[in-house]
Amino acid sequence: MQRRILTWWFVAVAAATAAGPSLTQLEPWGARRGTAVTLTLNGYGLGGDLKIVTNLPGELTELTSERPGRELPLLLELAKDAPVGSYPVRIATKAGISNVLLFTVGPFPEVEEAESASMRRMYSNDSPDTAEEISLPATVNGTLRGSDRDWYRFAGEAGEKVVVEVEARRAGSAVDAVIEVRDSSGNTIARNNDALGIGVDPRAEVDIPADGVLLVQVRDARFSTQKMNFYRLRAGRYSYAEAIFPLGWKRGESTGVQLIGGNSKTPVKVWPDLSAEATASGFADLRLPDANGPLPLRMVVGDDDEVFEPEGEGPHRLDPGVIVNGRIDAGREIDRYRIKVEPDQQWMIETQAAGLGTSALYGLLTLYDDKGRKLASAGDQVPEEPLSFIRSSGQTFGDPHLGFAVPEGVAEVTVTLEDLLGRGGPSYGYRIVARQQPPDFTLTLGTPQVTIPKDGSAIVSASVDRRGYMGAIQLEVEGLPDDVELQGGHIPAEVGGMTTSRISRQGVLTLTPKPGAETKELALTVWGEGVLEDGHTVRVKARAPGLQTGVMGRGQKVVTAPWLTARVPAKVAEPDEAVLRVLTPQKVRLIQGMETEVRWRFEGGGAPIGRINVGNTPPVGNIRVIGTAQVKPGARQGRFTVITTMGTLPMTFDLLLSSRARIDGREQVVYAPAITFDVVQGYRIEAPERVTAIPRGGSAAIVGSFHREPDFSSPVTVKADNLPLGVSCSAAEIDSAPESYRLECTADLSTAPGEYEIELAPASVLAGRDTELVPYKIEPVMTGIMVTEAGKMAQAE
């Protein structure tokens, strides 16, 4: 059976819950342009009515599968003029959308490593003596397992230049490759781990010293065992660049971009397509004129105005909101900018350089006032030399930023930018922008695509990096239809004992279709919103990861590809076979020191695996979840208890219930809608609207508002503290649910007239877990009293 499929591009990309189809491997991971190959997609849920979602430059024809549902063989006919690059491939079915895998189109003949092809290591190439012979130019598709060292040999001529590089992390692999080139005598003539411009992928250009055989070794830098363990070794003669300038530009405008370094003697200028359609992801591809060149470099594209750094030593004016593209042209050079400011204004200065992967600059920002006094700095920690470069897409040590409030008496500040290691040159470009704004945060999604099953729920997770804003954050989703509900998405405020303004925390929201929801494909944008102390709102768009590849090993981060998309692709899909339901209310108002029970049930087909998982408990606030361990593994229903203490701060947080289940031989994760908890005080009092006037030798009442939570029934006592000498107030005893409290106060004739600030201290008790009564106190409120002359009542304002 053959079925013709048109190649098309699904614009958005999104995060994976376990529902829907999934891709685990492509065979092969790449091919030469202008050739036809059998491309096999391996995974789960790959049968039935489906669409191939890709922008591969060619045609796809579906072939007959020997393992329906688990593999999908395709005839891929690549165009002769197909640009070199990595192209996303995903599957869309009635059951949802799959994750993305990248297929790479190259210019050279393709070879499959014999050891990888055998799967039984019959043709081991793990030593120089057993090196696999290749003819240049070539691209070798290989794999690495643990301590594996793959060796290749090729013939070289004296004086010839050969470029050797590995495409791994850039192509979505978890391999952190290292290459080493040796001559026929076994001498190392080149070695590389992480190359500028290509993240943790290695590259080396070799001047062949004499005629003879050269050896190339490829290994993992940590000899790790990875699930995504493929690499593409590329060797031949071609041009490559390592950096670009400028690093970015405004969408819809036109600018020339220099491709710098590598084996080009002079920068090569190209004019990228910066149209809105071509740069919807926020990036533009940059390629050298050499058709045999490597994978493209990428520049940032946005909607802010952009200019080049003015000529001259400066300091140059830095206009608010305008991005300046500059460069540290020489070692020890310091670029200076000045900003007109006013006292008490809040500003944020941001830079981009090494974090983009297309600059070698490890920035150091320093802020001075108009008298030359240092106010602040960022980026001061000295890294090891190799660590000054980006490690992989989306994994950097962070380009520096500075948030500051303008001190009194300062009308202008100077910002300096330099390389932390004192370096400079054509590859040391940067972007700098100053904005008058309050402290904020950034959001990064941990969800590259979302399948939302009818009668079920899917999750979207986000990590927050706080840049001075410590308040609560609410996640929102743009592009969500009316027949899909959002639950959760609350990230509590940071409290107490914080030593840094960069704190990462995670928030999770769930998406649940309403009954009768339609099957549809979506493109979602996630936002985070916080409220400042003055009531103004901070709203930040989350960065989508494009794809995610897990990397095994302590401290390792996932591989992402944000250049694929700025949004999260999603689909409301057919119901999943298993459903996890919360049987108690999904919104709970919980008084400090109290507890509540949550009941759940696993429904539908499949068999639960292990115990129910309760996640996303805030790491602050003395919150405990007990009872999950008492539920037997594989149980289809159960309950647990959420416990707070008097030390639990008022906050809103979410709990996420999930269960692993085996469905049709495949292990999946099933989610319940998020449960939102509002932790509140059992009661509160408000200060009187006006100062209470008490005449000497007379009396008056302090009256204010009282509010009690319906579930809080204990009596409350309100006492007045820090009273002036000669003033006394009776305590207010509140037993039921009045809306006010009243303290009778007297002032004797010895009391000095005047206005005084006093405390109103409420107190109560609460039954503990073992029925003992524990004190329940909340913060006192401040109010004022005015003692007047005897027989006079002053007007209290």
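The values are calculated or read from the model by the stated rules, or taken from the named source; none is laboratory data. This is a predicted model, so every value here is computed, not measured. Because the Cβ atoms are built from the backbone with ideal geometry, glycine has one as well, and the counts that use them run over all protein chains shown. Just the protein is used for accessible areas: all its heavy atoms, side chains included, with ligands, DNA and RNA removed. Shrake-Rupley method; radii C 1.70, N 1.55, O 1.52, S 1.80 Å.
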Would you check which residues across region 346-377 are open to solvent by 20 Å² or more (accessible area, probe 1.4 Å) and among the acidic types (Asp, Glu) and list them? Glu350, Asp370
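A quick yes/no check of all residues on (1) at pLDDT 95 or above; (2) open to solvent by 20 Å² or more (accessible area, probe 1.4 Å):
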{"site": "His536", "(1), (2)": "no, yes"}
{"site": "Ala544", "(1), (2)": "yes, no"}
{"site": "Pro562", "(1), (2)": "yes, yes"}
{"site": "Ala573", "(1), (2)": "yes, no"}
{"site": "Asp576", "(1), (2)": "no, yes"}
{"site": "Val579", "(1), (2)": "no, no"}
Count, please, the residues in region 126-139 that happen to be of a type in the set (Val, Ile, Thr), buried (at least 19 other Cβ atoms within 10 Å of the Cβ) and not in a strand (DSSP E or B). 1
Qualifying positions in region 189-199 - in contact with a helix residue (DSSP H, G or I) (Cβ under 9 Å, 6 or more places away or on another chain) and either closer than 29 Å to Ala155 by Cβ or surrounded by 24 or more Cβ atoms within 10 Å (Cβ to Cβ) (or both): Asn193, Asp194, Ile198
Identify all residues within region 161-188 that are at pLDDT 95 or above, open to solvent by 10 Å² or more (accessible area, probe 1.4 Å) and closer than 10 Å to Leu214 by Cβ; write none if there are none. Arg182
Search result, residues across region 552-582 that are farther than 30 Å from Val301 by Cβ, outside any strand (DSSP E or B) and either touching a residue at least 40 places away in the same chain (Cβ under 8 Å) or in contact with a Ser or Thr (Cβ under 6 Å, 6 or more places away or on another chain) (or both): Met552, Gly553, Glu574, Pro575, Asp576, Glu577
Pairs please, first residue from region 327-340 and over 27 Å from Gln436 (Cα atoms), second anywhere and open to solvent by 50 Å² or more (accessible area, probe 1.4 Å), Cβ atoms under 8 Å, 6+ apart in sequence or on different chains. Asp329/Pro426
Given (1) closer than 28 Å to Asp455 by Cα; (2) open to solvent by less than 10 Å² (accessible area, probe 1.4 Å), where does Gly47 come up short, assuming only one miss? (2)
Can you give me the number of residues within region 67-97 that are in a loop (DSSP other than H, G, I, E, B) and more than 23 Å from Gly20 (Cβ to Cβ)? 6
Read through the list (1) outside any loop (DSSP other than H, G, I, E, B); (2) among the hydrophobic types (A, V, I, L, M, F, W, C); (3) modelled with pLDDT under 95, then give the number of the only condition that Ile390 fails. (1)
Val669 is checked against (1) modelled with pLDDT under 95; (2) within 20 Å of Gly488 (Cβ to Cβ); (3) open to solvent by less than 30 Å² (accessible area, probe 1.4 Å); (4) of a type in the set (A, V, I, L, M, F, W, C) and fails just one. What number does that condition carry? (3)
Keeping to region 140-154, report how many residues are in a strand (DSSP E or B), of a type in the set (Ser, Thr, Tyr) and either modelled with pLDDT under 95 or more than 33 Å from the chain's Cα centre (by Cα) (or both). 1
Scanning region 68-88 for residues that are touching a residue at least 40 places away in the same chain (Cβ under 8 Å) and acidic (Asp, Glu), the one least open to solvent (accessible area, probe 1.4 Å) turns out to be Glu77
Hey, does region 98-111 have a residue that's touching an Asp or Glu at 6+ places or on another chain (Cβ under 7 Å) and either surrounded by fewer than 22 Cβ atoms within 10 Å (Cβ to Cβ) or assigned to a loop (DSSP other than H, G, I, E, B) (or both)? no
Pairs, first closer than 22 Å to Arg662 by Cβ and in contact (Cβ under 8 Å) with a residue 24 or more places away in the chain in region 620-643, second open to solvent by 60 Å² or more (accessible area, probe 1.4 Å) and charged (D, E, K, R), C-beta under 6 Å, six or more apart: Pro633/Arg611; Gln637/Arg601
When every residue in region 220-231 that is touching a residue at least 60 places away in the same chain (Cβ under 8 Å) and closer than 30 Å to Ala353 by Cβ is compared, the one most open to solvent (accessible area, probe 1.4 Å) is Arg222
Give the number of residues within region 287-313 that are assigned to a loop (DSSP other than H, G, I, E, B) and among the hydrophobic types (A, V, I, L, M, F, W, C). 3
Selection within region 465-479 - within 27 Å of Pro88 (Cβ to Cβ) and either assigned to a loop (DSSP other than H, G, I, E, B) or at pLDDT below 95 (or both): Asp465, Gly479
Scope region 200-210; condition buried (at least 21 other Cβ atoms within 10 Å of the Cβ) and part of a loop (DSSP other than H, G, I, E, B); matching residues: Val200, Asp201, Pro202
Can you pull out the residues in region 681-740 that are more than 17 Å from Lys777 (Cα to Cα), in contact (Cβ under 8 Å) with a residue 40 or more places away in the chain, open to solvent by 50 Å² or more (accessible area, probe 1.4 Å) and under 49 Å from the mean Cα position of the chain (by Cα)? Arg690
Residues being part of a loop (DSSP other than H, G, I, E, B), under 29 Å from the mean Cα position of the chain (by Cα) and more than 23 Å from Thr652 (Cβ to Cβ) - total across region 583-618: 0
Having 1 or more residues that are at pLDDT 95 or above and surrounded by fewer than 16 Cβ atoms within 10 Å (Cβ to Cβ) is the bar; report the strands (runs of 3 or more DSSP E) wholly within region 232-286 that clear it. 268-270
What single numbered condition from (1) surrounded by fewer than 17 Cβ atoms within 10 Å (Cβ to Cβ); (2) in contact with a Ser or Thr (Cβ under 7 Å, 6 or more places away or on another chain) fails to hold for Gly754? (2)
Residue that is farthest from Glu167 (Cα to Cα), among those in region 182-194 that are without any contact (Cβ under 8 Å) to a residue 60 or more places away in the chain and part of a loop (DSSP other than H, G, I, E, B): Ser185
Of (1) within 28 Å of Glu494 (Cα to Cα); (2) open to solvent by 10 Å² or more (accessible area, probe 1.4 Å), Gly516 satisfies every one except (1)
Region 607-618, subset open to solvent by 30 Å² or more (accessible area, probe 1.4 Å) and modelled with pLDDT under 80, residue nearest to Arg660 (Cα to Cα): Ala607
If Arg567 passes every condition in (1) surrounded by fewer than 17 Cβ atoms within 10 Å (Cβ to Cβ); (2) farther than 26 Å from Arg624 by Cα but one, which one does it miss? (1)
Mind checking which residues of region 298-317 are within 20 Å of Trp271 (Cβ to Cβ) and open to solvent by less than 40 Å² (accessible area, probe 1.4 Å)? Met299, Val300, Val301, Gly302, Glu306
